[in-house]
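Colleague: Quick one: the structure is below, questions incoming.
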Amino acid sequence: MNESINLKPGQINGETGIWEMVIGLEIHAQISSKSKLFSGASASFGAEANSNVSLVDAAMPGMLPVINEFCVEQAVKTGLALNAKINNVSIFDRKNYFYADLPQGYQISQFTKPIVGEGEIIIDLDDGLQTTVGIERLHLEQDAGKSLHDQHPSKSYIDLNRTGVALMEIVSKPDIRSPQEAGAYVKKIRSILRYVGACDGNMEEGSLRADCNVSVRKSGEEFGTRCEIKNLNSVRFIIQAIQSEAERQVEILEEGGKINQETRLFDTSTGETRSMRSKEDAHDYRYFPDPDLLPLEFSDSWVQKIRETLPELPDLLKKRLVTDFGITPYDASILVEEKDYVDFYQKAANGKDGKLTANWMITELFGALKKENISLSNSPISPENLGQLIALISDGTISGKIAKDVFAEMMISKKSPSDIVKEKGLEQVSDDIEILKLIDKVISENEDKVKDYLGGKDKLFGFFVGQVMKLSQGKANPGMVNKLLKNKLK
Amino acid sequence: MSNKESIVDIPTVNKIARLSRLNIPEASKQNLTNDLNNILGFVAQLDEVNTSDVKPLASVTGHKLPLRSDKVTDGNIEDLVLKNAPESSSGFFVVPKVIE
C-alpha cells in the first residue's frame with residue numbers, strides 16, 4: 001500500500017488501485033400511528049406477547065384489511081418533505097414468502113405503484129459540505145412479527161404484536177459514495193421524519209432500521225455486483241458495516257473472484273458482515289395486486305391540505321437561522337439536527353446576541369448536558385435563563401469568565417443567572433474609579449516590575465493585567481483594565 | 001393446446017409447489033401441469049383483445065378504498081389468537097426452530 005496517497009472517504013486503496021463505493025439505502029420507518037396499518041390493534045411497543053393482535057393481523061380466514069387514514073397522511077407528508085412526487089393513485093401488492101412470523105404468508109406492500117415517487121434531499125457532511133441524494137420511492141407496507149430464537153433449544157417463539165404495524169420504506173438512489181455519507185443520509189432522514197412527526201426515529205426500539213446495498217468499482221466504471229446488509233439499527237453500525245463490506249468485496253475482486261449478489265448480516269461483535277444462509281428462490285416474491293384492497297386514491301386538494309400542515313423543515317430553518325440570528329451555517333446545522341434544539345435556541349436567543357447564544361448553547365450547555373447524561377428536554381437550565389445569561393454578558397454586567405461560574409451554578413441550582421449574580425455579588429466592576437484603585441495598589445506593590453516595564457520589558461503588561469484581575473476576584477471588566485493600565489503605565 | 005401456450009412444465013410446478021410449501025405427489029404432477037397450461041391458455045385468449053386504450057380495472061363496483069381513523073379498536077384477545085396454535089407458551093406461538 002502506498003501510504004502517501006490521500007484517500008477520500010469511501011475510497012479504498014487496493015493492490016490494483018483505488019476503488020470507490022456505491023451505496024444505496026432502504027430505510028424502514030415505523031409510522032407513529034396509534035393503531036396498525038390495516039387493523040385496529042394497538043401499534044405500541046413493549047406490550048405482552050400477542051396482546052396487540054387482531055384477527056386481521058393473525059390472518060384468520062375471512063378477515064379484511066381496512067387502511068388507516070393517518071398512516072396515508074404521514075406517508076404523503078413525508079413524501080412532501082422529501083421533495084418527492086406524490087402519486088394520487090397507488091396500489092397495494094402482496095409480497096409472498098413463508099416465514100413463521102408472517103401469518104398471512106405475504107406482506108402487504110406496494111410494488112409497481114408506490115404512494116410516493118422520486119425526490120431528493122440535501123445531506124450535511126462533517127466538513128460543512130453538502131451533497132444531494134436522490135430518493136427513488138417511498139411506499140407503505142406492513143411490518144412482520146418478531147421471532148425469538150433464544151428461548152428454547154429446538155423451538156422459536158413468535159410474537160405477532162408488530163405484525164401489521166405500518167412502515168414506510170424509503171429507498172434512496174445509489175447516490176451515496178461513502179459510509180460517512182450513508183450515516184449523514186440516515187441522520188437527515190431521521191431528522192426530517194421527526195420534524196414531520198411521521199416517525200419517532202427511535203433506532204434502539206427499532207422504529208428506524210436500514211438495509212444497505214453496497215458495491216465497489218473503479219472510478220468511472222459500471223456499477224459492480226451488490227450485496228445487501230440487512231437490518232442495521234444504528235448510524236455507527238451502518239458506517240462500520242458498509243466499510244467492512246466494501247473492503248471484503250475489494251479483497252475478493254483483487255484476488256480474481258466474483259461477488260455473489262446476496263443478503264448479508266452485520267455481526268456487531270466482530271464488526272464484519274456474513275452471508276445469511278441464502279434460501280433458495282428467496283427473491284421470488286410473486287408480487288400481485290392485493291385483491292382485498294382497492295387502489296388508494298386521493299385528490300390534489302387533499303395533498304394540498306397536508307402540505308399546509310408541514311412544519312418548517314431543517315434545510316429552510318437552517319437558512320433562516322443564519323439570516324435572522326447571524327450565526328454560522330455550521331452552528332445552524334447543529335441546531336436544526338433536532339426540533340428540540342431549534343425550539344430551545346429560538347427561545348433563548350430571542351432579542352439576544354444570536355451568535356453568543358449559539359456558542360453558549362452548543363459548547364457550554366451541550367457539553368454540560370452530555371457530561372451529566374441529561375437530554376435537552378430535561379435541562380436544568382431553561383431557554384429563558386440561558387437567554388438571560390447571554391444578556392448579562394452582552395450588557396457587561398458580568399464577564400465571560402464569571403459567566404462560566406454562573407453557568408455551573410445554574411446547572412446545579414436551576415436558579416436564574418441574575419439571582420445568582422446578585423446573591424454572590426458577581427457584577428462586573430466597570431467603574432473607572434474602582435478599577436483605578438486596584439491598579440494603583442498593584443503598581444505600588446510591584447515597583448521594580450513597573451521600572452522593568454517602562455525600561456522596555458513589554459511582556460510584563462500581561463502580568464499587571466493578571467494581578468488587577470486577581471485582586472478584583474475576576475470581577476473587573478478586562479477591557480477597561482487594559483485601557484486604564486495602558487494610560488497609567490505610559 | 002398449441003406448444004406456444006404450454007408454458008408450464010414439471011420443473012415449474014415443482015418450483016411453485018416449493019414456494020407455496022405444497023407437497024404434491026409425483027403421480028399428480030403431470031395432470032397439474034396440464035391443468036395449469038389449460039388455465040393459462042384460456043386466460044391467454046384475452047391477449048387477442050386490443051386493450052391499449054383501456055384503463056386497468058380495479059373494481060366493478062366503482063367503490064373507492066375506504067379509510068378508517070387511527071383508533072385502537074381491537075386486540076387483547078391473546079386466547080382467541082392462540083386458540084388454533086398447535087403449541088404455545090407464555091403467550092407466544094411456539095414453532096420448530098427457524099434459524100437465519
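Colleague: Answer yes or no as to whether A:L471 is in contact with a Lys or Arg (Cβ under 9 Å, 6 or more places away or on another chain), surrounded by 15 or more Cβ atoms within 10 Å (Cβ to Cβ) and free of Cβ contacts under 8 Å to residues at least 40 places away in the same chain.
Modeller: yes
Colleague: While we're looking at this one, here's another question. Quick check on this structure: which one of B:D74, B:D47 is more than 22 Å from the chain's Cα centre (by Cα) and exposed (fewer than 13 other Cβ atoms within 10 Å of the Cβ)?
Modeller: None of the others qualify; the one that does is B:D47.
Colleague: Residues in the range B:37-59 that are within 14 Å of chain A (Cβ to nearest Cβ) and farther than 20 Å from A:K113 by Cβ: how many?
Modeller: 1
Colleague: Then there's this: In contact (Cβ under 8 Å) with a residue 60 or more places away in the chain and either surrounded by fewer than 21 Cβ atoms within 10 Å (Cβ to Cβ) or not assigned by TED's automatic domain parsing to the domain that holds A:F266 (or both): is that true of A:K173 in this structure?
Modeller: yes
Colleague: For the range A:107-162, which positions are within 14 Å of chain B (Cβ to nearest Cβ), open to solvent by 20 Å² or more (accessible area, probe 1.4 Å) and in a strand (DSSP E or B)?
Modeller: Within the range A:107-162, A:K146, A:S147, A:L148, A:K155, A:Y157, A:D159 qualify.
Colleague: Of everything in the range B:14-30 that's more than 14 Å from every other protein chain (Cβ to nearest Cβ), assigned to a helix (DSSP H, G or I) and touching a helix residue (DSSP H, G or I) at 6+ places or on another chain (Cβ under 9 Å), which residue is farthest from A:Y285 (Cα to Cα)?
Modeller: B:Q30
Colleague: Still on this structure, I have one more. Can you say whether B:L80 is surrounded by 11 or more Cβ atoms within 10 Å (Cβ to Cβ), free of Cβ contacts under 8 Å to residues at least 40 places away in the same chain and not aromatic (F, W, Y), as far as the supplied structure shows?
Modeller: Considered against the rule, which asks whether it is surrounded by 11 or more Cβ atoms within 10 Å (Cβ to Cβ), free of Cβ contacts under 8 Å to residues at least 40 places away in the same chain and not aromatic (F, W, Y), B:L80 comes out as yes.
Colleague: Then there's this: Quick check on this structure: which one of A:D405, A:D440, A:D452, A:D448 is in a helix (DSSP H, G or I), under 30 Å from A:S375 (Cβ atoms), open to solvent by 40 Å² or more (accessible area, probe 1.4 Å) and of a type outside the set (S, T, Y)?
Modeller: Selected residue: A:D405, the only one of A:D405, A:D440, A:D452, A:D448 that is in a helix (DSSP H, G or I), under 30 Å from A:S375 (Cβ atoms), open to solvent by 40 Å² or more (accessible area, probe 1.4 Å) and of a type outside the set (S, T, Y).
Colleague: Could you say whether any residue in the range A:361-380 is of a type in the set (K, R), free of Cβ contacts under 8 Å to residues at least 40 places away in the same chain and surrounded by fewer than 17 Cβ atoms within 10 Å (Cβ to Cβ)?
Modeller: yes
Colleague: Now for a different question. Kindly indicate the residue of the range A:9-63 that is at the interface with chain B (Cβ under 10 Å from one of its Cβ atoms) and surrounded by fewer than 19 Cβ atoms within 10 Å (Cβ to Cβ) and also nearest to A:I239 (Cα to Cα) among those meeting that condition.
Modeller: It comes out as A:S44.
Colleague: Moving on. Which residue pairs have Cβ atoms under 8 Å apart, sit 6 or more places apart or on different chains, and have a first residue in the range A:295-323 that is more than 19 Å from A:G197 (Cα to Cα) and within 14 Å of chain B (Cβ to nearest Cβ) and a second that is among the hydroxyl-bearing types (S, T, Y) and open to solvent by less than 80 Å² (accessible area, probe 1.4 Å)?
Modeller: As it stands, the answer is A:P295/A:S90; A:L296/A:S90, since those pairs meet every condition given.
Colleague: Could you tell me whether A:N68 is of a type in the set (S, T, N, Q) and in contact with a helix residue (DSSP H, G or I) (Cβ under 8 Å, 6 or more places away or on another chain)?
Modeller: no
Colleague: Answer yes or no as to whether A:Q261 is of a type outside the set (S, T, Y) and within 28 Å of A:V116 (Cα to Cα).
Modeller: Yes: the conditions hold for A:Q261.
Colleague: How many residues does the range A:215-257 hold that are open to solvent by 40 Å² or more (accessible area, probe 1.4 Å) and not in a helix (DSSP H, G or I)?
Modeller: Residues meeting the conditions: 13.
Colleague: Right, here's the next one. Determine the pairs where a residue that is of a type in the set (D, E), located within the range A:104-122, has a partner that is in a strand (DSSP E or B) and open to solvent by 20 Å² or more (accessible area, probe 1.4 Å) with Cβ atoms under 9 Å apart, the partner being 6 or more residues away or on another chain.
Modeller: Short answer, once both residue conditions are applied: A:E118/A:E136; A:E118/A:R137; A:E120/A:T132.
The values are calculated or read from the model by the stated rules, or taken from the named source; none is laboratory data. Everything numeric in this text was worked out from a predicted model, so none of it was measured. Every residue, glycine among them, receives a Cβ derived from its backbone with ideal geometry; neighbour counts consider all protein chains shown. Remember, those area values only see protein heavy atoms, side chains included, never the ligands or the DNA or RNA. Shrake-Rupley method; radii C 1.70, N 1.55, O 1.52, S 1.80 Å.
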